[in-house]
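Structure first, then comments.
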Amino acid sequence: MARIAMPIVFINLGIQAMGVVDALMVGKLGGAAIAAVALGNFYFFNASVFGMGLLCAIDPVVAQAVGAGDHEAVARGVQRGFVLAALVSVVVLLALLPVEWFLLTLDQPADVVKETSVYTYRRALAIVPFFAFNVFRQTLQAMGPVRHILIAAAVANIVNVFVNWLLIFGNAGAPTLGVEGAGYATAISTWVMALVLLALAWPLLRPAIRPWRRETLHWAPFLRMLRIGVPIGVQWFFESFAFGLTALFMGWMGTASLAGHEIALNMAAMTFMVPLGISGAAAAVVGRAIGRGDMPSARRDAVAAIACGGGVMCISGVIFMLAPEWLATRYTTEAATVAVAVSLIPLAGMFQVFDGLQAVTSGVLRGTGDTRVPAILHLVAFWGVGIPLGMYLGFRTPLRERGLWLGLVAGLAAAAVLQSLRVVNRLRLDIRRLVVDQ
């Protein structure tokens, strides 16, 4: 499991690193710039996350078809993924337009919101390749070979650092654009990432893309694929928005609170890429095992994935608890921002294991084709437990920022426990292959 998951983990780290690099490089401009980029990433991600989850319907459909050796079902699944990506791109682009109005309506700091909107609009220039890359990636993960995705992510990160260096600070004769330059850099690197991946993986992707199958647009199987993907999108959106809503609450407390929160969350998001990669590997290998009709292998793969995800997050949790100040000062030396970040980073350490478990169990369940129940469990965990508790502790007690984060800890713990129980019950069954065309 570690061998299969490692390349996917590095892919996730590479994709997440673009946002981290943006925050680190604009950090030299001050806490307001960090908050603007982080808030822009939050808005972009929350506008996009439902579509990203929707495209994860490719995981069980294609992986199980690969396991069964059904090449036509693989092609139809991939082509329906492209149709979904085109529709989602239009919807997300429209959702990004009112960013400034939305954030001002929610009473976010005015000195941050204007820069946030500019950064978001520049990132929106790459919305089509962003979702096309997600289709390429989910397809290749379901098939097995992921080396090309890793290369594309690495190239995109090199481009992102170089263009940030040019456009944020005006080096080599380029205009000095600050936060706007970071938005352009991320958009350009996203185009590069999608095009490089398409070029490298075309021999593998071509049989699934060409020729176009007329059955792809048949309404009944398309609806069945939507029924798989929509619950994943709902689950991802409500989990993401729980963190996003916490960022909005931090904005009500001031720029320093928002910037410190975003530093801690930025690091937690980076470590989360490890169990998220293991989750993707789990969805693929469990799905392929079910496609072969090999339930003993599916169960072993699930146990291995959970052990890997939980073990890695134990290590990162210890690091967060032991070195919060050192970690915070990698981003900025502003005293007020560092103080908030140092108070929150140990709490990020507390929820690392829970975050890892809920991510990996989600992948296991996705590989089995189980998406609706996990969505309900996430709603209960985050919106029945995490957000209400965080609001109470953050606004009704002296804990303030720490109270909001304790709510996140509770929500993640609830999600981890509920989904682990669901995995145990689900894998007791003899699960049959998911077929959307019949």
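The values are calculated or read from the model by the stated rules, or taken from the named source; none is laboratory data. What you see is a predicted model; the values in this text were computed from it and never measured. Methodologically, a virtual Cβ is constructed for each residue, glycine included, from the backbone with ideal geometry; neighbour enumeration extends over all protein chains shown. Protein only, heavy atoms only, side chains kept; ligands, DNA and RNA dropped before computing areas. Shrake-Rupley method; radii C 1.70, N 1.55, O 1.52, S 1.80 Å.
A few points about this structure:
- Selection count where residues are surrounded by 17 or more Cβ atoms within 10 Å (Cβ to Cβ) and either in a helix (DSSP H, G or I) or among the aliphatic types (A, V, I, L, M) (or both), scope the stretch 65-99: 22
- Test: residue in the stretch 410-424 that is in a loop (DSSP other than H, G, I, E, B) and either in contact (Cβ under 8 Å) with a residue 40 or more places away in the chain or in contact with a strand residue (DSSP E or B) (Cβ under 8 Å, 6 or more places away or on another chain) (or both): no
- Entry remark, the stretch 348-404: residues being in a helix (DSSP H, G or I), surrounded by 17 or more Cβ atoms within 10 Å (Cβ to Cβ) and β-branched (Val, Ile, Thr) number 7 in total.
- Matching residues, the stretch 298-335, being open to solvent by 60 Å² or more (accessible area, probe 1.4 Å) and not β-branched (Val, Ile, Thr): ARG299, ARG300, ALA307, CYS314, MET321, LEU322, GLU325, TRP326, ARG330, GLU334, ALA335
- Single residue of the stretch 128-148 satisfying the filter (among the aliphatic types (A, V, I, L, M) and open to solvent by less than 10 Å² (accessible area, probe 1.4 Å)) that is nearest to the chain's Cα centre (by Cα): VAL135
- Within the stretch 155-191, if we keep just the residues that are in a helix (DSSP H, G or I) and among the hydroxyl-bearing types (Ser, Thr, Tyr), the residue that is farthest from PHE10 (Cα to Cα) turns out to be TYR184.
- Filter result for ALA194 (in contact with a Leu (Cβ under 9 Å, 6 or more places away or on another chain) and assigned to a helix (DSSP H, G or I)): no
- Breaking point among (1) buried (at least 16 other Cβ atoms within 10 Å of the Cβ); (2) at pLDDT 95 or above, for PHE222: (2)
- Filter result for the condition that a residue is over 27 Å from the mean Cα position of the chain (by Cα) and closer than 20 Å to PHE131 by Cα, over LEU197, LEU217, LEU204, LEU226: LEU217
- Subset of the stretch 17-27 (residues that are of a type outside the set (A, V, I, L, M, F, W, C) and at pLDDT below 80): GLY19, GLY27
- Total residues in the stretch 167-177, condition in contact with a helix residue (DSSP H, G or I) (Cβ under 6 Å, 6 or more places away or on another chain) and surrounded by 16 or more Cβ atoms within 10 Å (Cβ to Cβ): 3
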